[in-house]
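Read the structure below first, then the notes.
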Amino acid sequence: MTAKRALSPRQGILDIAPYVPGKSVLDGGEPVIKLSSNETPFGPCAGAVEAYVAAAADLSRYPDGSARALREAIAKLHGLDPDRIVCGAGSDELLNLLAAAYLGPGDEAIYSEHGFLVYRIAIRAAGATPVAAPETALTADVDAILARVSPATRVVFLANPNNPTGTYLGFDEVKRLRASLPDGVLLVLDAAYAEYVRANDYEAGIELVASTPNTVMTRTFSKIYGLASLRIGWAYCPSAIADALNRIRGPFNVSGPAIAAGVAALQDRAAVAHSAEHNELWRGRMAEALTELGLAVTPSAANFLLVHFPKGGGRSATEADRFLQSRRIILRRVAEYGFPDALRMTIGTEADNRAVLDTLRAFMGVEVSASP
């Protein structure tokens, strides 16, 4: 009898390191303070919850495959053409669709050294080669990216602001990058944290998408809108790229309840403004207080801080993580991003932020004083 050969995935698939989300639970039944996933501390707005619950009456029906209501609501808010918007199951799906549409064996795609891990996964899944460009001061470096462009380059992924560093490129630098890239290279601007940025020199990418045929901007409802569990993302694209993505995406890739909740979330501008204001206030307060503890904090434009710990002396990131978890607090380990000596902290509620700060004061052996 002929031995059966085991079925194997396409070459290169098993070389991909799976994405590991931030830890969300700890042993024991007590509540935890979870600041490991860059979620909003306020949850979704009431209108989004109401729309989601109301959509339960239609669970037996397929959703609108084009997500027209959601695309039109996004277009109205941002002044865009709804026909150039493609919705997906989170921006992660859209990043993978872009890789599938524009990359293949023999191609290369560039991302910054500490860029979002999904880029590497999407590039390798498409059979292409990922190319990391060094950063300067933990910030994407346009010249370093351009130096790595080769005849095989097809896509550049730029997270702006970047996860997990929180740093960003000003719009002049992004425009310089686009202008210096060959016309045949697609620039993907991942603006998942755009709503949190308050810098005057920042632009999420709408202008470049509107004015060039080879730039795409991706956004998400998982952060400031508080709909991470529903998996809603969107991309604004040139018409030809939107057409390509619509040809390969799943026909019902965004659920009906997600569409309804997304439309409602866009209408509550007060909730978005409150979240952004809270984030700006506490991001600054926490960065200052953590620095006073002797910890280095990377300047951030997003809703999190990258906190760097000493390498030894009993004060390492590993030991800090263990100490925090003993107090039921979960931050994000980021060794897989190249930061074995750092933890990423999402900005939480006032109570959560104070709890983290007091715990780290105890860990660092600093006398507890009044919290910020």
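The values are calculated or read from the model by the stated rules, or taken from the named source; none is laboratory data. Keep in mind that what you see is a predicted model, and the values were worked out from it rather than measured. Cβ sites come from the backbone with ideal geometry, for glycine too, and all protein chains shown count toward neighbours. We work out accessible area using only protein heavy atoms, side chains counted, and drop any ligands, DNA or RNA first. Shrake-Rupley method; radii C 1.70, N 1.55, O 1.52, S 1.80 Å.
Can you name every residue in region 313-327 that is open to solvent by less than 50 Å² (accessible area, probe 1.4 Å), part of a helix (DSSP H, G or I) and over 15 Å from Asp27 (Cα atoms)?
Once the filter is applied, which keeps residues that are open to solvent by less than 50 Å² (accessible area, probe 1.4 Å), part of a helix (DSSP H, G or I) and over 15 Å from Asp27 (Cα atoms), region 313-327 yields Ala317, Ala320.
Find the helices (runs of 4 or more DSSP H) located wholly in region 23-126 whose residues include 1 or more that are at positive phi, and list them.
Details: elements: 46-54, 68-78, 90-102, 117-125.
Qualifying helices (runs of 4 or more DSSP H): 90-102.
The rows are residues; the columns are (1) small (Gly, Ala, Ser); (2) surrounded by fewer than 17 Cβ atoms within 10 Å (Cβ to Cβ).
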site	(1), (2)
Ser36	yes, no
Glu39	no, no
Cys45	no, no
Val49	no, yes
Ala55	yes, no
Ala67	yes, no
Ala73	yes, no
Lys76	no, yes
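All but one of (1) part of a helix (DSSP H, G or I); (2) farther than 24 Å from Asp27 by Cβ; (3) open to solvent by less than 20 Å² (accessible area, probe 1.4 Å) hold for Arg285; state the number of the condition that does not hold.
(3)
Restricting attention to region 300-307, does a residue exist that is within 25 Å of Ala159 (Cβ to Cβ) and part of a helix (DSSP H, G or I)?
Among the residues of region 300-307, not one is within 25 Å of Ala159 (Cβ to Cβ) and part of a helix (DSSP H, G or I), which makes the answer no.
Tell me which residues, restricted to region 145-179, are out of contact with any strand residue (DSSP E or B) (no Cβ under 9 Å at 6 or more places or on another chain) and aromatic (Phe, Trp, Tyr).
Within region 145-179, just Phe171 meets the criteria.
In contact (Cβ under 8 Å) with a residue 24 or more places away in the chain, farther than 23 Å from Arg333 by Cα and in contact with a Cys (Cβ under 8 Å, 6 or more places away or on another chain): which single residue out of Ala99, Ala152, Ala67 fits that description? First the steps, then the outcome.
Working: Ala99 fails: in contact with a Cys (Cβ under 8 Å, 6 or more places away or on another chain); Ala152 fails: in contact with a Cys (Cβ under 8 Å, 6 or more places away or on another chain).
Being in contact (Cβ under 8 Å) with a residue 24 or more places away in the chain, farther than 23 Å from Arg333 by Cα and in contact with a Cys (Cβ under 8 Å, 6 or more places away or on another chain) holds for just one of Ala99, Ala152, Ala67, which is Ala67.
Does Gly127 satisfy the condition of being of a type outside the set (A, V, I, L, M), at pLDDT 95 or above and either over 20 Å from Met217 (Cα atoms) or within 17 Å of the chain's Cα centre (by Cα) (or both)?
The answer is yes for Gly127.
So which residues in region 152-177 are β-branched (Val, Ile, Thr) and closer than 21 Å to Pro340 by Cα?
Thr165, Thr167
Restricting the search to region 214-237, which residues are basic (Lys, Arg) and more than 23 Å from Leu187 (Cβ to Cβ)? Give the steps one after another, and end with the answer.
Within region 214-237, the first condition is being basic (Lys, Arg), and the residues that meet it are 219, 223, 231.
Arg231, the sole residue that qualifies.
If Val156 passes every condition in (1) crowded, with 23+ Cβ neighbours inside 10 Å; (2) in a loop (DSSP other than H, G, I, E, B) but one, which one does it miss?
(2)
Scan region 336-372 for residues that are under 29 Å from the mean Cα position of the chain (by Cα), assigned to a loop (DSSP other than H, G, I, E, B) and either modelled with pLDDT under 95 or among the basic types (Lys, Arg) (or both) and jot them down.
Pro372, the sole residue that qualifies.
Could you tell me which of the residues Pro82, Pro161, Pro105 is over 17 Å from the mean Cα position of the chain (by Cα) and over 17 Å from Trp234 (Cβ atoms)?
On the way: Pro82 fails: over 17 Å from Trp234 (Cβ atoms); Pro161 fails: over 17 Å from the mean Cα position of the chain (by Cα).
Step by step, each of Pro82, Pro161, Pro105 is checked, and only Pro105 is over 17 Å from the mean Cα position of the chain (by Cα) and over 17 Å from Trp234 (Cβ atoms).
Given the condition in a loop (DSSP other than H, G, I, E, B) and under 22 Å from Tyr62 (Cβ atoms), answer yes or no: does some residue in region 182-200 qualify? Lay out the reasoning, then the answer.
Step one: filter region 182-200 for residues in a loop (DSSP other than H, G, I, E, B), giving 182-185, 191-193, 197-200.
When the remaining residues are screened for being under 22 Å from Tyr62 (Cβ atoms), the result is none.
Scanning region 182-200, I find no residue that is in a loop (DSSP other than H, G, I, E, B) and under 22 Å from Tyr62 (Cβ atoms), so the answer is no.
Return the pairs, sorted by first residue and then second, in which the second residue is open to solvent by 10 Å² or more (accessible area, probe 1.4 Å) and among the aliphatic types (A, V, I, L, M), the first residue lies in region 229-240 and is assigned to a loop (DSSP other than H, G, I, E, B), the beta carbons are less than 6 Å apart, and the residues are 6+ apart or on different chains.
Arg231/Ala89
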